[in-house]
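The values are calculated or read from the model by the stated rules, or taken from the named source; none is laboratory data. Computed from a prediction, not measured in an experiment: that's the story for all the values here. Cβ placement follows ideal geometry from the backbone for every residue including glycine, while neighbour counts extend to all protein chains displayed.
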Amino acid sequence: MEVTPWPVLPALPDPATDAVVTSGLAAELAYALGGPFHILLPDAFTANLTAMRSVLADTGVNGFVYFAKKANKAAVFVERAAAGGAGVDVASAAELREALGHGVRGEHLMVTGPAKDHVLLRLAVTHGATVAVDSPDELDRVVALATTGRAGPARVLLRVLPESRPHSRFGLDDLELAIALKRCAEAGDAIRMDGFSFHLSGYALQPRADLAARLIGLCRTARSQGLAAGRISLGGGLPVSYTDADSWNTFLGTQNPGHYHARKTFGTGDFYPYHSPLAGAHALAALLATRPEGADRGLADLARDAGVELLVEPGRALLDRAGATVFRVQGVKDRDGYRIVTVDGTSLSLSEQWFGSEYLPDPLLVPTVPGPVPGVYPASVGAATCLESDMLTWRKIAFPHPPRPGDLLLYPNTAGYQMDSNESPFHDLPLPPKVVVDRTDRPRPRWRLDRHAA
Ligand SMILES: *Cc1c(COP(=O)(O)O)cnc(C)c1O
């Protein structure tokens, strides 16, 4: 067998994404839309949500899922969250309005983020949303709004500063927590203190379980002060696995500057962990089974015995396989031993490129003219802009046939944070439209454009 020097990182198989290509729909949409576009696969979102809700139900713990909206701006995912019995986690007045406008009940909204502005807090209190309070003065503002408004008690969680992240800019330290609990008790009927929350970066389970156990303890303390304190939020951070273990480990072990355009260097720690043995709902199940340090039971059992509801706020994990991004090859030029493919869009539609990192799952080259000669054709992918650094893929991808102008390039699994976090009409290029595709099990999938409430 011929061994290529080029590491490959194939996306995990996804029949729905394949169907968009094999049915001819991708080529037709590229022609119709005349530029790059995003495909949204909302059935994957619904399946991910259903799996997470089943995990919660199976452990016998009370639980609720909030979709962290910042991971994708499309309306369809909010609609699917509402239809699937989930809430939405928002951090701006605009996100809150979007969620309400697409069918999420106010009481199913979770409002996170630091030092929330007044309009956001007022909307939250008016609509009975839960506010994850990040500072004592924010709590004072919520109390003031609830005291003067007519909407009933404001629902709050207190966001806790993790001991493992003492330098985080989010959350209340011990002193602030004590002050906040006192103020909640003093606020009487104006406030319903529902419990505590955290959000940890990184993907390790043990620190999450340990912190969750601490929050359950805090609920006990708060209850002894007469507060409701029956819910804790574990935040987001459920991992997504994009590629298989073998490809990932081989890549990490062999990647070197020769594999990248302009001998660009990345440390292995610069990358998202594109393979994760436990991902999505499986990671949630593992977290619920994890025994916090010093505890004799797993997290779910601890919560159930304490009468505490567990809330989760996944963004990326709900969007696993829920979309892809399609560009057209606009030009191809030869370099020493590889090619540079220029596509008709920018790396603003692939956000990872803007964090000193690289979106690693291999893009799929879809020839639109028959007859390409099979082989190994390494190529990096650049944007149709005048910035030297605007590369969609620095890595030389081992394409199985030569890229040619007119071919499509599909980046798989981009719905979680990649497609639209950073987009802007740079160079006056229009933003790529979002095409919602479902019924991918039929010979001809069905499509429509994503629609936002006016
Ligand atoms: C970003 C964020 C999330 C979602 O994180 P994921 O890694 O996408 O699951 C959840 N909660 C809070 C408070 C966040 O800031």
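If only one of Ala83, Ala51, Ala74 is among the aliphatic types (A, V, I, L, M), within 23 Å of Met419 (Cα to Cα) and in the same structural domain as Arg122 (by TED's automatic domain parsing), which one is it?
Of the residues listed, the single one that is among the aliphatic types (A, V, I, L, M), within 23 Å of Met419 (Cα to Cα) and in the same structural domain as Arg122 (by TED's automatic domain parsing) is Ala74.
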Total residues in the range 326-364, condition among the aliphatic types (A, V, I, L, M), farther than 17 Å from Glu388 by Cα and over 18 Å from the mean Cα position of the chain (by Cα): 3
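Could you please let me know if Asp137 is under 19 Å from Ile216 (Cβ atoms), surrounded by fewer than 19 Cβ atoms within 10 Å (Cβ to Cβ), without any contact (Cβ under 8 Å) to a residue 40 or more places away in the chain and over 22 Å from the mean Cα position of the chain (by Cα)? Steps first, please.
Values: under 19 Å from Ile216 (Cβ atoms): no; surrounded by fewer than 19 Cβ atoms within 10 Å (Cβ to Cβ): yes; without any contact (Cβ under 8 Å) to a residue 40 or more places away in the chain: yes; over 22 Å from the mean Cα position of the chain (by Cα): yes.
For Asp137, the condition - under 19 Å from Ile216 (Cβ atoms), surrounded by fewer than 19 Cβ atoms within 10 Å (Cβ to Cβ), without any contact (Cβ under 8 Å) to a residue 40 or more places away in the chain and over 22 Å from the mean Cα position of the chain (by Cα) - is not met.
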Checking Ala306 against (1) more than 16 Å from the ligand (Cβ to nearest atom); (2) on the phi < 0 side of the Ramachandran plot; (3) not assigned by TED's automatic domain parsing to the domain that holds Asn62, the condition it does not meet: (3)
Test: residue in the range 111-118 that is part of a loop (DSSP other than H, G, I, E, B), farther than 22 Å from Leu161 by Cα and modelled with pLDDT of 95 or more: no
The range 140-168, residues that are within 23 Å of the chain's Cα centre (by Cα), of a type in the set (D, E, K, R) and more than 19 Å from Leu227 (Cβ to Cβ): Arg165
Residues of the range 56-79 that turn out to be within 16 Å of the ligand (Cβ to nearest atom) and either touching a Cys at 6+ places or on another chain (Cβ under 8 Å) or part of a loop (DSSP other than H, G, I, E, B) (or both), as a count: 3
Residues of the range 408-432 classified as closer than 27 Å to Tyr272 by Cβ and in a loop (DSSP other than H, G, I, E, B), total: 17
Selection count where residues are near the ligand (Cβ under 10 Å from one of its atoms), of a type in the set (A, V, I, L, M) and surrounded by 21 or more Cβ atoms within 10 Å (Cβ to Cβ), scope the range 195-212: 0
Matching option when the condition is not in a loop (DSSP other than H, G, I, E, B) and not β-branched (Val, Ile, Thr), among Leu387, Leu392: Leu392
Answer residue from the range 253-285, given it is of a type in the set (A, V, I, L, M) and surrounded by fewer than 17 Cβ atoms within 10 Å (Cβ to Cβ) and is farthest from Ala379 (Cα to Cα) among those: Leu278
Residues satisfying the stated conditions in the range 147-194, i.e. in contact (Cβ under 8 Å) with a residue 12 or more places away in the chain, at negative phi, surrounded by fewer than 19 Cβ atoms within 10 Å (Cβ to Cβ) and among the small types (Gly, Ala, Ser): Gly149, Ala151, Ser164, Ala185
Complete set of residues in the range 81-93 that are surrounded by fewer than 24 Cβ atoms within 10 Å (Cβ to Cβ) and within 16 Å of the ligand (Cβ to nearest atom): Gly87, Ala91, Ser92
